[in-house]
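In what follows, a structure is listed as structure tokens, so that the remarks can point back to it.
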Amino acid sequence: MTEISRRTVLRGVAVTTAAAALTSGYAVAASAVPAPAAPAPAVSAAPGGTCAMRTLPVPAETYRSDVTAMDPSGRFVLGSAIVRQATDTYPVLLWDRGRLTSFDPPAPGGSPVDVNRHGVAIGNGPRDVPSPPWRYRDGRGELLPVIDPADDTTVVAVNSRGDIVGMGLTPTNQRYGLLWPAGRPGAVQVINTPSPYSVITGFTDGGTVVGRTDEVETTSWLRTPSGALRPLSGPDGDTWVTVRAASGRWAVGQGLQGGANAGLRWDLRTGRYTVLDPQLTHDQTDVNARGTVLGGSLLQRGDTVLTLPSPAPDHVVGGRAIADNGTVAGFHNPRVPDGVRAVLWTGC
């Protein structure tokens with residue numbers, strides 16, 4: 001999501017060298033026996049019919065709004081809007097238990113990315129020119145330091161401590177990982193990743209980083225808080241996997257099983273994977289600390305797949321993030337002009 005501008009998200013909603021480098025220090029994952037695929041889950045709208053959707057408040061004259069992220073507790077939701085005025089504006093939206101705060105990003109034209117359980121929000125500058133990423137906390141925005149102003153620097157995620165991870169991209173298209181440690185205000189440091197073609201895609205409260213490397217094939221990996229790199233593999237030891245998000249001890253993404261795409265959930269402590277229900281083969285969006293997987297309008301909890309309720313059969317809905325308490329934040333598109341709105345589902 002950090003590689004797509006906020007404007008693109010809002011408008012679009014309407015419609016192995018790396019593997020060898022990872023093997024060091026990961027005997028547990030290399031020898032782990034994959035968890036068997038779970039039986040085909042039952043499908044239901046929601047347990048007991050309690051799952052309910054509600055629309056989040058937005059500024060006056062809002063044309064469209066959407067959610068970008070939600071903190072693990074479900075208290076803070078981060079999003080954005082297109083507000084129709086004499087000239088369109090693109091404010092960042094931050095909801096605290098449903099109460100709205102609207103602010104302009106510290107980098108003009110910037111996009112929100114993530115928020116933690118203390119309401120610290122992070123985002124990136126416009127993608128057409130190198131611009132510093134930013135942080136918003138306690139009602140104030142600030143630009144984050146970078147390694148080289150000539151590089152394209154982006155943030156990816158912030159954890160509950162306030163540590164931030166991100167990426168730097170040089171003019172020669174070489175990537176490097178970055179950490180802004182909460183305990184060292186004003187500091188940024190380079191962190192190890194498998195190769196110059198690696199991209200960070202997730203970050204846990206415990207400090208584990210997950211990402212992918214795009215070279216001959218797409219491989220995925222985790223980085224422990226101590227800096228050890230370990231591979232994430234799929235069925236039959238297949239290394240072609242893509243990890244998309246992480247929370248607690250879990251990560252989610254996809255790989256291949258018998259030559260076909262399969263949704264996967266990894267236990268980051270052991271490297272073991274579980275194959276998700278076939279309905280979640282694509283678009284694995286998020287996972288919470290309890291291991292519940294969000295994929296578009298579907299949730300997989302244990303052996304059950306739930307569908308997020310929509311107000312009408314022809315309306316489009318989708319989740320962007322899931323909190324540890326099961327709250328889902330996302331969007332509702334009733335297929336009418338000016339109709340796309342940021343929403344929450346609770347009781348699911």
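Miscellaneous remarks
- The set of residues from region 92-113 being part of a loop (DSSP other than H, G, I, E, B) and open to solvent by 10 Å² or more (accessible area, probe 1.4 Å) comprises Arg97, Gly98, Asp104, Pro105, Pro106, Pro108, Gly109.
- Those residues of region 256-274 which are more than 15 Å from Leu294 (Cα to Cα) and either open to solvent by 20 Å² or more (accessible area, probe 1.4 Å) or modelled with pLDDT of 95 or more (or both), in sequence order: Leu256, Gln257, Gly258, Gly259, Ala260, Asn261, Asp267, Leu268, Arg269, Thr270, Arg272, Tyr273
- Looking only at region 238-264, and only at residues there that are part of a strand (DSSP E or B) and among the hydroxyl-bearing types (Ser, Thr, Tyr), the one that is nearest to Thr213 (Cα to Cα): Thr242
- Those strands (runs of 3 or more DSSP E) of region 125-212 in which at least 3 residues are closer than 25 Å to Ser226 by Cβ and open to solvent by less than 20 Å² (accessible area, probe 1.4 Å), considering only elements entirely within it, cover 152-158, 164-169, 175-180, 198-203.
- Any chance Tyr63 is surrounded by fewer than 20 Cβ atoms within 10 Å (Cβ to Cβ), modelled with pLDDT under 95 and in contact with an Asp or Glu (Cβ under 7 Å, 6 or more places away or on another chain): yes
- Selection within region 305-348 - in a strand (DSSP E or B) and surrounded by fewer than 15 Cβ atoms within 10 Å (Cβ to Cβ): none
- Pairs with Cβ under 7 Å, 6+ apart, first in region 294-321 and at pLDDT 95 or above, second open to solvent by less than 10 Å² (accessible area, probe 1.4 Å) and aromatic (Phe, Trp, Tyr): Leu308/Trp345
The values are calculated or read from the model by the stated rules, or taken from the named source; none is laboratory data. Quick caveat, the model's predicted, so the values are computed rather than measured. Counting neighbours? That spans all protein chains shown, and the Cβs are built from the backbone with ideal geometry, glycine included. These accessible areas exclude ligands, DNA and RNA; they are computed on the full protein's heavy atoms, side chains included. Shrake-Rupley method; radii C 1.70, N 1.55, O 1.52, S 1.80 Å.
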